[in-house]
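Enquirer: Before I ask anything, here is the structure I am working with.
What follows is calculated from the coordinates using simple rules that are stated; it is not laboratory data. Note that the structure is predicted; figures quoted are calculated from it, not measured. Reconstructed Cβ throughout: ideal geometry from the backbone, glycine too, with neighbour counts over all protein chains shown.
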Amino acid sequence: KNISADIANFKNILMGNKQARGMIGERQLEDLVADIMPPETYAFQHVMSTGVRPDCIIRLPYPPGDMIIDSKFPLESYNKMIDAPNDGMLRKQFELDVRRHIDAIGDKYIIPGVTAESAMMFIASESIFEVLHRQFPDTIAYANHRRVFIVSPSTLWATLNTVRAVLSDIKIKRVAGKIKKELDALLTDLARLA
């Protein structure tokens, strides 16, 4: 009984406190990024030249440019929709809130010539991610059209591993170019010696 009361109390704290909930999502994002990416390839809460402060920046060479990840999500309207699943108005409000957030991410964090041509909206819950894809395919299509890709912990993990592999490949190509240049110089010196 005590444990269930503590869990209910914890849930009430999280559901009632938007900042505490946001901190948990941000912390989950930070842990995922820090576990996968090399330290020099990301920054948290970094103020951009436009004055905005995204939750996370994945530093990529231009092009494509820095990739922005936002970890906020309109959970209040989601919870209301789940509590009354047959209420069409609450479904529409949830969809509208998600689209507004997609627009905010696209407008603030996709900056031509500065950032990548897309951004990510991190949803810390696999179940909410699944509900969005299953019940709101038009919203997912809208996000894709706005070039805001919705990711969950598992899809972000896969995406970041791919980005890390690409960055590693770029690094190897740079080093290989330097090695080739040095070998060419060595061959020139050997030809002169001969």
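Enquirer: Excluding residue 51 itself, what net charge comes from residues whose Cβ is under 14 Å from its Cβ, given Lys and Arg +1 and Asp and Glu -1? Mind dumping the intermediate values first?
Expert: Numbers: positive: 53, 108; negative: 107.
Here the count lands on +1.
Enquirer: When the Cα centres of the stretch 18-73 and the stretch 102-169 are compared, how far apart do they sit, in Å?
Expert: That distance is 12 Å.
Enquirer: Expressed as a rounded percentage, what relative contact order does the chain have, with Cα pairs under 8 Å and six or more residues apart? Write down the numbers at each step before the final one.
Expert: Working: 217 pairs, mean separation 34.7, N = 194.
Relative contact order of the chain: 18 percent.
Enquirer: Within the chain, what percent of beta bridges assigned by DSSP are antiparallel, to the nearest 5?
Expert: That works out to approximately 45 percent antiparallel.
Enquirer: Which number gives the lysine pairs in the chain that have C-alpha atoms under 19 Å apart and are eight or more places apart or on different chains?
Expert: So the count of such lysine pairs works out to 11.
Enquirer: With contacts defined as alpha carbon pairs under 8 Å and 6 or more residues apart, what's the relative contact order of the stretch 110-194 in percent?
Expert: On the way: 47 pairs, mean separation 23.0, N = 85.
Relative contact order of the stretch 110-194: 27 percent.
Enquirer: Taking the alpha carbon gyration tensor of the chain, what are the square roots of 5 times its eigenvalues, largest first, to the nearest whole Å?
Expert: Numbers: eigenvalues 379, 73, 41 Å².
Square roots of five times the eigenvalues give 44, 19, 14 Å.
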